[in-house]
Amino acid sequence: MANAKGTMHIEEARKRLRDDIQVLLSVTNGPDSGKKFEIEYLEISLGRGGSGNDYDVEFTDNYISGSAGAHAFINFSGKNIYIQDNESTNGTFVDGKQAHPREIEEIIPGKTVVRLGKKTEFKIDIRKRPKA
């Protein structure tokens, strides 16, 4: 939908994931442990909620960056999933190995454990969307 000036809203211009799949980010450790976030877009931002910025996935962990920009970004490309640290203060770790800022690291659905900062860990799962 266009606004009064005829331009698209940013949310509407973002590319969505396919309708037949469901992508869940499941927090397995940290203050948000047990929470699940459904991912809808091909590119998403991760950050600390309540920091004055809006992120696609917001965590409560104080060791996750937020006020100066997103902690990290996740990108879906074909059948692959990638994460990129955004020069965060406390780092992004993929299966225990620290990701270098601005370099992409692959996430294997259901297997790879990602840690943001010191405590928050999550996995990403992809499955066929349940029929309504």
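The values are calculated or read from the model by the stated rules, or taken from the named source; none is laboratory data. Keep in mind it's a predicted model, so treat the numbers as computed, not measured. We place every Cβ from the backbone using ideal geometry, glycine too, and count neighbours over all the protein chains shown. Accessible surface is based on the protein model in full, side chains and every heavy atom, while ligands, DNA and RNA are left aside. Shrake-Rupley method; radii C 1.70, N 1.55, O 1.52, S 1.80 Å.
Looking only at the stretch 100-113, decide whether some residue is touching a Pro at 6+ places or on another chain (Cβ under 9 Å), open to solvent by less than 10 Å² (accessible area, probe 1.4 Å), not in a loop (DSSP other than H, G, I, E, B) and not charged (D, E, K, R).
Checked against the condition, which is being touching a Pro at 6+ places or on another chain (Cβ under 9 Å), open to solvent by less than 10 Å² (accessible area, probe 1.4 Å), not in a loop (DSSP other than H, G, I, E, B) and not charged (D, E, K, R), the stretch 100-113 yields no hits at all.
Could we say that K118 is basic (K, R), within 22 Å of V23 (Cα to Cα) and either assigned to a loop (DSSP other than H, G, I, E, B) or at pLDDT below 95 (or both) here? Let's see the steps before the verdict.
Details: basic (K, R): yes; within 22 Å of V23 (Cα to Cα): no; either assigned to a loop (DSSP other than H, G, I, E, B) or at pLDDT below 95 (or both): yes.
Here the answer is no, as K118 does not meet what is asked.
Looking for whichever is within 25 Å of P130 (Cβ to Cβ) and aromatic (F, W, Y) here; the options are F37, F73. Which one fits?
Only one candidate qualifies: F37.
Scanning the stretch 64-99 for residues that are in a loop (DSSP other than H, G, I, E, B), open to solvent by 80 Å² or more (accessible area, probe 1.4 Å) and farther than 20 Å from L24 by Cβ, which turns out modelled with the lowest pLDDT?
Once the filter is applied, the top-ranked residue is S67.
For every residue, the table says whether it meets (1) buried (at least 19 other Cβ atoms within 10 Å of the Cβ); (2) closer than 17 Å to E121 by Cβ.
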site: Q22; (1), (2): no, no
site: V27; (1), (2): yes, yes
site: K36; (1), (2): no, yes
site: R48; (1), (2): yes, yes
site: N53; (1), (2): no, no
site: D56; (1), (2): no, no
site: D61; (1), (2): yes, yes
